[in-house]
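To start, the structure under review is shown below, and the notes come after it.
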Amino acid sequence: QVRLVESGGGLVQPGGSLRLSCAASGFTVSSWAMSWYRQAPGKERELVAVLVGVGSRANYADSVKGRFTISRDNAKNTVYLQMDSLKPEDTAVYYCRRNEADIWGQGTQVTVSS
């Protein structure tokens, strides 16, 4: 069964860091384009970062460029989102997605607040 499970969310102060994990089962993350999205209260879900291709080329939303890093560990079959210099406007539920077949995880809450 194809499945994605996110973890690593929580409450962090502005300027802090978090690392989100997306553990995959039923397929290998190295073979597919993988993305992180987020959805803040009252807003539409937006693309944060995408990792594509065998060479792991990454693209980012302008709002997170230079602060967030998407990566994957093929041995652990897991995709990560390292989030640094967090801002209150980064508060959202973060979702992992396998682009092909539109497979989503359940999401993990990130709250940036003092």
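Just so it is clear, none of the values below were taken in a lab; they were calculated from the coordinates. Quick caveat, the model's predicted, so the values are computed rather than measured. Here the Cβ positions follow ideal geometry from the backbone for every residue, glycine too, while neighbour counts run over all protein chains shown.
Label sites at residue 52 and residue 77, each approximated as a point 7 angstrom past Cα along Cα to Cβ, lie 2.6 nm apart.
Divided by 2.2 N^0.38 Å, where N counts the residues, the Cα radius of gyration of segment 1-40 comes to 1.44. Here the Karplus relation 6.51 cos²θ - 1.76 cosθ + 1.60, evaluated at θ = phi - 60°, turns the backbone of segment 84-92 into coupling constants of 10, 6, 5, 10, x, 6, 7, 4, 4 Hz, with x for every Gly and Pro. Segment 62-99 and segment 3-38 have Cα centres spaced 6 Å apart.
Couplings 3J(HN,Hα) of segment 94-106, computed from phi: 9, 10, 9, 9, 8, 4, 6, 6, 6, 9, 10, x, 8 Hz, in residue order, whole Hz [Karplus 6.51 cos²θ - 1.76 cosθ + 1.60, θ = phi - 60°; x for Gly and Pro]. Loop-located trypsin sites (Lys or Arg not before Pro) in segment 20-70 (DSSP state not H, G, I, E or B) with no more than 16 neighbouring Cβ atoms inside 10 Å: 43, 45, 65, 67.
Under the definition of Cα pairs under 8 Å and six or more residues apart, what whole-number percent is the relative contact order of the chain? Don't jump to the answer; show the numbers that get you there.
Values: 281 pairs, mean separation 42.3, N = 114.
Once normalised by length, the contact order is 37 percent.
By its C-alpha gyration tensor, with a ≥ b ≥ c as the square roots of the eigenvalues, how is segment 24-75 shaped: rounded for a/c under 1.5, else prolate for a/b larger than b/c, else oblate? Oblate, since a/c reaches 1.5 and b/c is not below a/b. About its Cα centre, segment 32-114 has a charge dipole of approximately 120 debye under the convention of +1 per Lys or Arg Cβ and -1 per Asp or Glu Cβ, with nothing else charged.
Where does the chain land on Rg/Rh, using Cα atoms and the Kirkwood Rh?
Numbers: Rg = 13.2 Å, Rh = 13.9 Å.
Over the Cα atoms of the chain, Rg/Rh equals 0.95.
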